[in-house]
1. Which of C163, C156 comes first, and how do the rest follow, when ranked by fewest Cβ neighbours within 10 Å?
2. Given an 8 Å cut-off on Cα distances and at least 6 residues of separation, report the relative contact order of the chain as a percent.
3. Could you grab the Rg to Rh ratio for the stretch 109-185? Cα atoms only, Kirkwood for Rh.
4. Taking the beta-carbon count within 10 Å as an exposure proxy, list M28, M125, M1 from fewest neighbours to most.
5. Relative contact order for the stretch 57-118: what is it in percent, counting Cα pairs under 8 Å that are at least 6 residues apart?
6. In nm, to one decimal, how far is the A202 label point from the A143 one, both placed 7 Å along Cα→Cβ?
7. Order by neighbour count: H46, H232, fewest other Cβ atoms within 10 Å first, most last.
8. Which of (i) 53, 37, 35; (ii) 52, 51, 39; (iii) 50, 38, 32 is the computed Cα extents along the principal axes in Å for the structure on display?
Amino acid sequence: MILVTGATGTVGREVVRRLPVDLRFRVMSRNPERVVGLRPPVEAVHGDHRDRRSLVRALRGVSAAFLVTADVGGDGDARFIRAARSAGVRHIVKLSAAAVADPGADDLITRWQRGNEELLRGSGMEWTLLRPRSFMSNTLSWAATVRAERVVRALCGASGNACVDPRDIADVAVRALTGDGHAGRSYTLTGPEAITAAEQTAQLAELLGRPLRFEELGREQARAALRVRYPHELVEALLQSAQRQRAGAKAQVDGTVPVLLGRPAGSFRGWARDHLGAFV
C-alpha cells in the first residue's frame, strides 16, 4: 500500500493522477472531500500531521509514502516520520527543495527543509529526496493582473530560473514510489532551461494572442505584496531567495528529469499552453 500526502496540493494531486489504477494506494488530506476523481478501491482519508491518531489510521498497512509538508518552521515532518516508522513504513519519498544543496542558501525555508531531510535520513527507513527548483505553476499568481490589466509584476525579471513543471516532479515521484533503485538517492529536478519572468511574460502574451507588459517590482513593493499573503518570517525568506536568484543561483539546469523519465523535461511554454485558461 502506498500513501500519498498533500493529495490536493500542486504536486500531490498530480501524483494521484499518475499512480497505476491497479496499484493499491491511499490518499491523505486534511480535507479529503476535496480529493476528486478517485476510483475504488482507492480511498481518501483524513490526516493531519498535528493529529497522531489520524496519522496512525492513514498509515495502517502502508509500505511506502509520498511526504509533502507546508508548515514552514513546524514539526510536521518529524511527526509524520515518527508515525511512519512505528507503522512499519519501509520507504518515504519526500518533496524537498533544490536550495537545500546550495551552501549559499540560509533562509528560513531552506533551513527547515535541510532539517527535515536530516530527520528522514536518520529515521532508519529507506528514503528518496526530490529537490525541485521553483514550480512553473507559481506563475498562476500572475493570473489576476494578466486578466484585469494585461500586466505581470514580479521580482528578478531579468534573472533566469530553471523552473520545473510540477507534472515532471510527480512523474519522478511515481517512479521512486513504485520502482527499484531510488532508495538513498537525492534528485535535483529542473526544467530544460533557465527562463526569466520577462521571458515567461512574453511567451504567455504570444500564447494568449494579446500584448502583456512586465513590470519589475522593487524590494519594498514585493515585501508589501507578499505581506498580504504570508507572515513576516516567510516574507523575508522569500526575499532572500529572490536575491539568490538575482545572483544567478537558480539558473543551473540539471539533467536528472530526462534521465529518469526518458524524455525531455517539460518547457514553460508547454506548461503555459496547458494552463492558459487560468490567464484568460
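Any read-out appearing in this document is the output of simple, stated calculations on the displayed coordinates, not a laboratory observation. None of these values were measured; they are calculated from a predicted model. Every residue, glycine among them, receives a Cβ derived from its backbone with ideal geometry; neighbour counts consider all protein chains shown.
1. Lowest to highest Cβ neighbour count: C156, C163.
2. On the way: 510 pairs, mean separation 51.1, N = 280.
The normalised contact order for the chain reaches 18 percent.
3. With Rg and the Kirkwood Rh in hand, the quotient comes to 1.11.
4. By the 10 Å Cβ count, ascending, the order reads M1, M125, M28.
5. 40
6. 2.6
7. The fewest-first ordering by Cβ neighbours comes to H232, H46.
8. Identified label for the calculated read-out: (i).
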